[in-house]
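Working notes, beginning with the structure itself.
Every number here is computed from the coordinates shown, using simple stated rules; none is lab data. What you see is a predicted model, and the numbers here were worked out from it, not measured in a lab. Cβ sites come from the backbone with ideal geometry, for glycine too, and all protein chains shown count toward neighbours.
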Amino acid sequence: MNKVEKIIRYALSQHPVKTGMRFLSDRELAEMLGVNRMKIHRTMGDLVDEGVAARFHGSGTFVRKVFKQEDVESLVLTQKEKKLAQHLFAEPSTTPGRVFPRQGLCLALWSDFKLENQPDHLVIDGIVERAKDLHHEVSLHTLAHGNADPRNAEDIAEELKSNPADGFLVVTRWASLFEQAFAIAHGNIKPPTSYIYLARHPTVFLEPLIDIDDTSAVARAVNIFATEGYRRIAVIAIEDRMRPVEWRKQSIKFALNQCGLSYESFLLVAPEKMESVAYLLDQLLKGAAPPDAIYVSNDHLMPKISAYLDATKIIPGRDLGIITLSNQGIPLPKTHNWSRLEFTPKAVGKLALDSLLGVITTAGEEMCSFSQQPIWIPGNTHTHK
């Protein structure tokens, strides 16, 4: 690596550099760094080929990729060279209006999405739509086989080598596998990455993280029921192998205790046993101490629940309080005007992409995590008529 390239790479790791900034002209850089223009031109050409810079005829050369400081720790520069690195860019007022690289990035989503449920579709739609609006490309890759078993890290590493990207969106359930594979493919380089998790988990500590806070949804549903005078509140959910049952029960118990309630009934439905929903509801509602309200924490259950209520002539809002989680863009059964706590999966995808752009364009200076909480949409199934 020649002296000019070292200085430029160092400059690209220093605040306040951002993508889209314009380098000084080749002539100005040559004079400042004490080399001939051909050397500058060749070095810039190499950086363009690598995707670090972008050239536009008649406009100049622009920063396309910034580095974190740890990425350039191995570079040995003199104090004079470090000082020169502070002056390689045009003043903002002289930078043309072209927005780059908020255009033209190659991004990759690595997940275990098998597109078997609609919320996954909507999250991906949000990512792709946001990328399209900003003229980026997004490629989709899987970290799991069709049966949800994780792929071999070496195989993923080969795919990473053949599908380079400017940044990565990774579903946190498989974050460690992705990072293992990336290390195999590219060594100790840390790529710009933003993480997605579609349900809050107490052991997720990756940043920046975009998640759906379904814990707050439980607490809000219980509180709404308590305000309406319900005292025996049950929760029904679909089994999730990635989140311990006991932790989920504790979050429900905490929400009930916050409202001064001690009654607890928690039904867990295995995905492969969705046909058992009617049986479970029958056992619950015909037991010794049946609930007077139910929070349904997954809208996939609602067609079965709605059919059961119709078959048993139970009218929600009169005979039994019902609040369901819902996802914007996924219709609920039309049998009732359901009271619901609604998430927006598309917005999760858009936030995740924006978060990744913050990492890419500012070397992490604008890194920020977000948790989406549901919007309360009252219908007529949560309140006594």
Over segment 263-385: Rg over Rh, Cα atoms, Kirkwood Rh
1.12
HN-Hα J couplings of segment 77-85 from phi, Karplus 6.51/-1.76/1.60, θ = phi - 60°, integer Hz, Gly and Pro as x?
10, 7, 4, 5, 5, 5, 5, 4, 4
Mind sorting out which of (i) 57, 56, 47; (ii) 84, 46, 33; (iii) 88, 44, 34 is the real Cα extents along the principal axes in Å computed from the coordinates?
(iii)
Taking amide hydrogens as modeled 1.01 Å from N in the peptide plane, which residues meet the under 5 Å criterion relative to residue 134, leaving out close sequence neighbours?
none
Using modelled backbone amide H atoms (1.01 Å from N, in-plane), which distant-in-sequence or interchain residues come within less than 5 Å of residue 210's amide H?
195, 196, 197, 370
Dividing the convex hull volume of the Cα atoms of segment 3-94 by its residue count, what figure in Å³ per residue is obtained?
94 Å³
Final fewest-first order of 3, 286 on the 10 Å Cβ neighbour count is 286, 3
Check which residues have an amide H placed less than 5 Å from residue 89's amide H, if you skip close sequence neighbours.
24
Could you give the size of the charge dipole of segment 3-94 about its Cα centre, using +1 on the Cβ of each K and R and -1 on the Cβ of each D and E, expressed in debye and rounded to the nearest 20?
120 debye
Each residue of segment 297-314 in order: what ³J(HN,Hα) in whole Hz does its phi give by Karplus 6.51 cos²θ - 1.76 cosθ + 1.60, θ = phi - 60°, with x for Gly and Pro?
8, 8, 5, 4, 7, 5, x, 5, 5, 4, 5, 5, 4, 5, 5, 9, 6, 8
Antiparallel %, DSSP beta bridges [both residues in segment 295-355], to 5
0 percent
How much mean residue ellipticity at 222 nm does the chain get from its helices, if each DSSP H run of length 4 or more adds -39500 (n - 2.57) and you divide by all residues, to the nearest 500 deg cm²/dmol?
-11000 deg cm²/dmol
Applied in sequence order to segment 254-268, the curve 6.51 cos²θ - 1.76 cosθ + 1.60 (Karplus, θ = phi - 60°) yields integer Hz couplings, x standing for Gly and Pro, of 4, 4, 5, 4, 4, 9, x, 10, 10, 4, 9, 9, 10, 9, 10
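Nearest-5 percent of antiparallel DSSP beta bridges in the chain?
Around 20 percent antiparallel, to the nearest 5.
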Looking at segment 216-265, which trypsin sites (Lys or Arg not before Pro) are in a loop (DSSP not H, G, I, E or B) and have at most 12 other Cβ atoms within 10 Å?
241
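Where in the chain lies the longest segment free of GluC sites (Glu not before Pro) that are both loop residues by DSSP (not H, G, I, E, B) and have at most 16 other Cβ atoms within 10 Å?
117-227
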